[in-house]
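The values are calculated or read from the model by the stated rules, or taken from the named source; none is laboratory data. Note that the structure is predicted; figures quoted are calculated from it, not measured. Backbone-built Cβ (ideal geometry, glycine too); neighbour counts: all protein chains shown.
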Amino acid sequence: MNMKVNRYNYPSQFGNDLQPLLRAIGEDLLKGHYILTEAVDSFETAFADYIGAKYCVGTNSGTDALILALLAMGIGPGDEVITQANTFYATVAAICFVGATPVLVDAEPHAYLMDIEQVEPAITARTKAIIAVHLFGKCMPMKQLLALAEKHQLRVIEDAAQSHGARIDGHAAGHFGDIGCFSFHPSKNLAAAGDAGAIVTDDLHLAEQIKVLRALGQSGQNRHVALGMNSKLDAIQARVLSAKLGHLEHWNEQRRAVAAHCISRLDGLPLSFQAPAEHEDHVYHLFQVRTEQRDALLAHLQSNGIDAVVRYPTPIHLQEAFAAYGWKAGDFPVAEALATQTLCLPLRPDMDADEVDRVCGCVRAFFEGHS
Ligand SMILES: *Cc1c(COP(=O)(O)O)cnc(C)c1O
């Protein structure tokens with residue numbers, strides 16, 4: 001018996017879709033349909049429908065989706081953008097790439113998301129936007145955040161790279177603010193076979209602007225009207241994404257079921273989890289557990305073949321890449337505590353009860369052996 005429990009099982013995402021997918025890709029290859037084809041259009045339409053947004057524009061990656069969103073809003077040097085200290089590098093790098101200044105706020109210790117109480121004190125006359133990150137598959141409390149943004153006339157961008165299909169009261173992550181940015185990196189809940197991303201919005205002007213900006217600033221052939229990037233969703237990746245999109249809802253349900261099973265099996269141990277909120281559908285991109293014995297638990301799991309991992313061991317403000325912003329240890333204590341106390345247990349939609357038992361049994365053995 002294979003005692004390993006892996007974090008990913010990419011082949012399982014294709015199932016019976018593989019042959020028709022390969023046929024469609026083969027036809028595209030032979031017809032020379034490579035750039036911004038019908039395959040890209042039809043994925044964009046399908047993904048906009050799935051989210052409930054009017055428009056979707058496919059990009060080369062989630063990072064580029066964030067950069068394009070900021071560029072389309074005209075955010076750049078002299079502007080400040082607020083986001084959280086405990087996010088993935090790309091959220092903050094995107095702000096820096098457009099020349100704007102990232103302003104970090106600390107995490108909230110129970111939800112592991114941006115602490116909304118700390119947003120208003122961070123707003124200045126230069127603040128232009130807030131990037132809300134629905135981290136690990138859990139939605140930010142968007143009602144409060146949107147009210148705050150409206151009060152201060154700020155744009156809201158959602159980093160929904162970890163939350164495809166997460167909802168509050170049936171309303172999808174990525175469709176609360178002005179623009180939602182998604183990544184389809186192979187590790188994400190909806191995954192391409194390479195890099196890919198998209199933005200969604202209800203704002204026709206922003207959608208059109210991003211279409212120009214992703215295509216070398218061209219409004220038509222040889223007519224460059226803006227300083228754009230070259231960042232289009234690849235046609236082959238669009239085929240892969242279209243083949244998988246119809247399964248996403250079911251996969252997210254399976255992720256929730258696995259997480260619920262784990263939470264009940266780990267009951268009574270000195271562990272905590274992202275606190276649930278009412279009316280939310282968490283999509284468990286990552287299943288975080290928090291313990292003061294994180295490093296020892298991680299080593300125990302890994303030595304038993306459980307593919308646990310730490311996301312993210314160094315918070316943004318302590319990353320070398322951002323040294324120029326002058327942040328230091330102690331600036332964001334909750335983000336720092338989460339960085340030393342959380343780990344991700346493997347969670348896949350296709351995980352069976354036996355694997356869940358092995359993971360939870362291994363965690364239990366660790367605490368019972370040490371108590
Ligand atoms: C993955 C991710 C991104 C970046 O997406 P890429 O497609 O890898 O560029 C941005 N933000 C968050 C929170 C992510 O998890």
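Checking the stated criteria, L66 turns out not to satisfy the condition of being more than 16 Å from the chain's Cα centre (by Cα), modelled with pLDDT of 95 or more and within 22 Å of L154 (Cβ to Cβ).
Taking the conditions (1) closer than 22 Å to P186 by Cβ; (2) part of a helix (DSSP H, G or I); (3) in contact (Cβ under 8 Å) with a residue 60 or more places away in the chain in turn, L70 satisfies each one other than (1). Regarding segment 59-72, can at least one residue be identified that is within 17 Å of A226 (Cα to Cα) and away from the ligand (no atom under 15 Å from the Cβ)? Scanning segment 59-72 turns up at least one residue that is within 17 Å of A226 (Cα to Cα) and away from the ligand (no atom under 15 Å from the Cβ).
Checking each residue in segment 30-58 for being surrounded by 12 or more Cβ atoms within 10 Å (Cβ to Cβ), in contact (Cβ under 8 Å) with a residue 24 or more places away in the chain and out of contact with any strand residue (DSSP E or B) (no Cβ under 6 Å at 6 or more places or on another chain) picks out H33, Y34, L36, T37, A39, S42, F43, A46, Y50, K54. For segment 130-153, the count of residues that are in contact with a strand residue (DSSP E or B) (Cβ under 8 Å, 6 or more places away or on another chain), assigned to a strand (DSSP E or B), away from the ligand (no atom under 16 Å from the Cβ) and not charged (D, E, K, R) is zero. Going by the conditions given, is Y50 hydroxyl-bearing (S, T, Y), at pLDDT 95 or above, more than 16 Å from the ligand (Cβ to nearest atom) and in contact with a Leu (Cβ under 7 Å, 6 or more places away or on another chain)? In short, yes.
Mind telling me which of the residues Q144, Q162 ends up being surrounded by 24 or more Cβ atoms within 10 Å (Cβ to Cβ) and either modelled with pLDDT of 95 or more or not aromatic (F, W, Y) (or both)? Sole residue among the options that is surrounded by 24 or more Cβ atoms within 10 Å (Cβ to Cβ) and either modelled with pLDDT of 95 or more or not aromatic (F, W, Y) (or both): Q162.
When both residues are 6+ apart or on different chains and their Cβ atoms are under 9 Å apart, which pairs have a first residue that lies in segment 233-254 and is free of Cβ contacts under 8 Å to residues at least 40 places away in the same chain, and a second that is crowded, with 24+ Cβ neighbours inside 10 Å? Close Cβ pairs satisfying both conditions: none exist.
Scanning segment 204-218 for residues that are of a type outside the set (D, E), more than 22 Å from the chain's Cα centre (by Cα) and assigned to a strand (DSSP E or B) turns up at least one hit.
Any chance segment 82-96 includes a residue that's more than 17 Å from H164 (Cβ to Cβ), crowded, with 24+ Cβ neighbours inside 10 Å, away from the ligand (no atom under 14 Å from the Cβ) and of a type in the set (A, V, I, L, M, F, W, C)? Yes, segment 82-96 contains a residue that is more than 17 Å from H164 (Cβ to Cβ), crowded, with 24+ Cβ neighbours inside 10 Å, away from the ligand (no atom under 14 Å from the Cβ) and of a type in the set (A, V, I, L, M, F, W, C).
Residues being among the charged types (D, E, K, R) and over 15 Å from A65 (Cα atoms): count how many of those fall in segment 202-240. The qualifying residues number 4. The residue pairs whose first member lies in segment 7-18 and is on the phi > 0 side of the Ramachandran plot and touching a residue at least 40 places away in the same chain (Cβ under 8 Å), whose second member is surrounded by 12 or more Cβ atoms within 10 Å (Cβ to Cβ) and not in a loop (DSSP other than H, G, I, E, B), and whose beta carbons are closer than 6 Å, counting only pairs six or more residues apart or on different chains, do not exist in this structure. Step by step: first the residues of segment 324-363, then only those that are within 13 Å of A296 (Cα to Cα) and more than 25 Å from the chain's Cα centre (by Cα), then the one that is surrounded by the fewest Cβ atoms within 10 Å (Cβ to Cβ). Which residue is that? By that ranking, first place goes to C362.
Considering (1) within 14 Å of V81 (Cα to Cα); (2) more than 16 Å from the ligand (Cβ to nearest atom); (3) without any contact (Cβ under 8 Å) to a residue 40 or more places away in the chain, the lone condition that E117 does not fulfil carries the number (1). Scanning segment 202-231 for residues that are buried (at least 16 other Cβ atoms within 10 Å of the Cβ) and among the basic types (K, R) yields K211, R214. Scan segment 168-183 and tell me whether some residue there is within 16 Å of the ligand (Cβ to nearest atom), at positive phi and part of a loop (DSSP other than H, G, I, E, B). Yes.
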